[in-house]
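Each remark here refers to the structure printed beneath this line.
The values are calculated or read from the model by the stated rules, or taken from the named source; none is laboratory data. Computed from a prediction, not measured in an experiment: that's the story for all the values here. So basically every Cβ, Gly included, is an ideal-geometry build from the backbone, and we count neighbours across all protein chains shown.
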């Protein structure tokens, strides 16, 4: 079904609305901006360099072309406030979080960090619109699923998937959404945001004993034991996802494809291989393609000691998307 666009979309992008869905010869559209990489103190455990290395690798190997990237503008306040409480947003804007609140987020706070979050969230929202046109679209960043309506934590300030989902629902572009969160950490913020909203079904498959210590209640939580390897992980996913799609009949799927499920991940505690992670992503892609459900992908976490492992696992998601959809 064609996407109907009008002048409401001007506040989301400086581009003309028509270029929003016809932005180049290649159909897989990818949100990326240099602002995604935020300068952190030396030795910080978050691998910000991946936001430069993943697109560089994909371009170098010829998986994608430069014309497939689009650069999202900052998201306007009125869209953010569809998801996040004004008091929390004002604290971010005014840089007035308490030290405890800053420590929970885990990044040194600045206006640039907050602005970065608005670019990333708009990237996911615009990807959702591209996905309605082309079947799938992807954000080089995003997957900030530890951001609640009223607070941030775990390297997450604004919840990009929730923001995009709430905006689409408000615009009556969709009636039912399925969130497939396969990051190794439970999507506690997403669960809290949609806990009383039957229009959004939240599915989180994560490490049972991993962060966060206090889990929220998703519509479906599957907690996996430490050291779970490829075979049991993939078996669980293959038994679960088709059933969820059949039961929920979503108009749109948001997929958080965190690569912190890898055995090499410093914060993961599972034991998947890079190829197992690739098979996971391909299965999600194939299920969406088979059922003709638009798919928006946010990258999520990845904390392997060697950045090359993170980049390869993330790059696989794009390679598989190109193969399955195009």
**Q.** segment 5-37: number of residues that are modelled with pLDDT under 90, surrounded by 15 or more Cβ atoms within 10 Å (Cβ to Cβ) and within 30 Å of residue 109 (Cβ to Cβ)
**A.** 2
(Q) So, in segment 62-92, exactly how many residues are more than 26 Å from residue 163 (Cα to Cα) and without any contact (Cβ under 8 Å) to a residue 12 or more places away in the chain? (A) 2
Q. What are the residues in segment 274-298 that are under 16 Å from residue 139 (Cβ atoms) and in contact with a helix residue (DSSP H, G or I) (Cβ under 6 Å, 6 or more places away or on another chain), if any?
A. 281, 285, 294, 295, 296, 298
(Q) Is it the case, given these coordinates, that residue 212 is surrounded by fewer than 22 Cβ atoms within 10 Å (Cβ to Cβ), more than 21 Å from residue 299 (Cα to Cα) and either modelled with pLDDT of 95 or more or touching a helix residue (DSSP H, G or I) at 6+ places or on another chain (Cβ under 7 Å) (or both)? (A) no
Q) So how many residues does segment 266-280 have that are in contact with a strand residue (DSSP E or B) (Cβ under 8 Å, 6 or more places away or on another chain), under 14 Å from residue 312 (Cβ atoms) and surrounded by fewer than 24 Cβ atoms within 10 Å (Cβ to Cβ)? A) 2
Q.
Can you confirm whether residue 320 is free of Cβ contacts under 8 Å to residues at least 40 places away in the same chain and farther than 18 Å from residue 204 by Cβ?
A. no
Q: Could you list all residues from segment 54-76 that are surrounded by 14 or more Cβ atoms within 10 Å (Cβ to Cβ) and part of a helix (DSSP H, G or I)?
A: 54, 55, 57, 58, 59, 68
(Q) Of the conditions (1) in contact (Cβ under 8 Å) with a residue 24 or more places away in the chain; (2) over 19 Å from residue 211 (Cα atoms), residue 198 satisfies every one except a single condition; which number is it? (A) (1)
Q | Residues being more than 15 Å from the chain's Cα centre (by Cα) and closer than 13 Å to residue 180 by Cβ - total across segment 289-312 | A | 2
Q | Test set (1) farther than 22 Å from residue 161 by Cα; (2) out of contact with any helix residue (DSSP H, G or I) (no Cβ under 8 Å at 6 or more places or on another chain); (3) touching a residue at least 24 places away in the same chain (Cβ under 8 Å) - residue 308 fails condition number | A | (3)
Q) Are any residues in segment 313-326 assigned to a helix (DSSP H, G or I) and farther than 19 Å from residue 181 by Cα, and if so, which ones? A) 319, 322, 323, 324, 325
Q) Only one of (1) over 27 Å from residue 50 (Cβ atoms); (2) out of contact with any helix residue (DSSP H, G or I) (no Cβ under 7 Å at 6 or more places or on another chain); (3) without any contact (Cβ under 8 Å) to a residue 40 or more places away in the chain fails for residue 217. Which number is that? A) (2)
Q: Kindly indicate which of 286, 239 is over 14 Å from residue 184 (Cα atoms), assigned to a helix (DSSP H, G or I), at pLDDT 95 or above and more than 20 Å from the chain's Cα centre (by Cα).
A: 239
Q) With (1) under 23 Å from residue 73 (Cβ atoms); (2) modelled with pLDDT of 95 or more as the list, and residue 133 as the residue in question, which single condition is left unmet? A) (2)
